[in-house]
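The values are calculated or read from the model by the stated rules, or taken from the named source; none is laboratory data. Note that the structure is predicted; figures quoted are calculated from it, not measured. Quick reminder, even Gly has a Cβ in these numbers, built from the backbone with ideal geometry, and neighbours come from all protein chains shown.
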Amino acid sequence: MKTYHLDPKKLREQIRNIYLMYGITLVILLILNYFMSRGREINNQNWLTLGLIVLMFVVVGWNSVRQRKAIWDQYELTVDETGISQKQPKAADIFLPRAEITGMKESKFGFTLMVKDQHPVMGIPKMLTPADYEEIKGIVEGWLRDAKPVVLDVEVVEDVQAVLPEDQPVLDASLEPEALPIEEPEVQEPPESPEA
């Protein structure tokens, strides 16, 4: 059994992208606000609007960074010979048995494990370290290549009478079912309308 976590280097990239996204958007909004209020008298309402815009972007950006860090700290992917389990914040824990995996589909964000009828069930992100991602991908490809048939623990029954309870009658398959009477539905006629 081996446990995998998201790559800390990629967290720094994610946080940098968040800062860039919110920072560039904030600068654009401040420039637009400047051009909209150009030539007008600057009063307390303009300063309040600018302050609220900056405050909103700082709070939303900080919350986004905090959520991303929580994902990186709490995400856990465990692979063993029975299957794959995944734990992540604000989501139910998932366990996918090895026998149920029927395929995988790769995309630019990682790969998705498929089950019966090619339904996607679990995503494996590329946010893992490249070596861990390739290792998990190789394990799953090996499972798909060396699919083992499911063996049921079934005993062959020679004497049916010994298995059935004594008070239950044995049905004879050679007997024909009796013809069932066919009932014809009653014909209902609408009531006559009174003449006026």
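Structure summary
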read-out	value
Cβ-Cβ under 8 Å pairs, at least 6 apart or on other chains, segment 68-84 side loosely packed, with under 14 Cβ neighbours inside 10 Å, far side basic (Lys, Arg)	Asp80/Lys2; Glu81/Arg98; Thr82/Arg98
Output for segment 81-100, where each listed residue is part of a strand (DSSP E or B) and in contact with a Gly (Cβ under 9 Å, 6 or more places away or on another chain)	Gln86, Phe95, Leu96, Pro97
Qualifying residue in segment 49-66 (condition: within 17 Å of the chain's Cα centre (by Cα) and either modelled with pLDDT of 90 or more or assigned by TED's automatic domain parsing to the domain that holds Asn17 (or both))	no
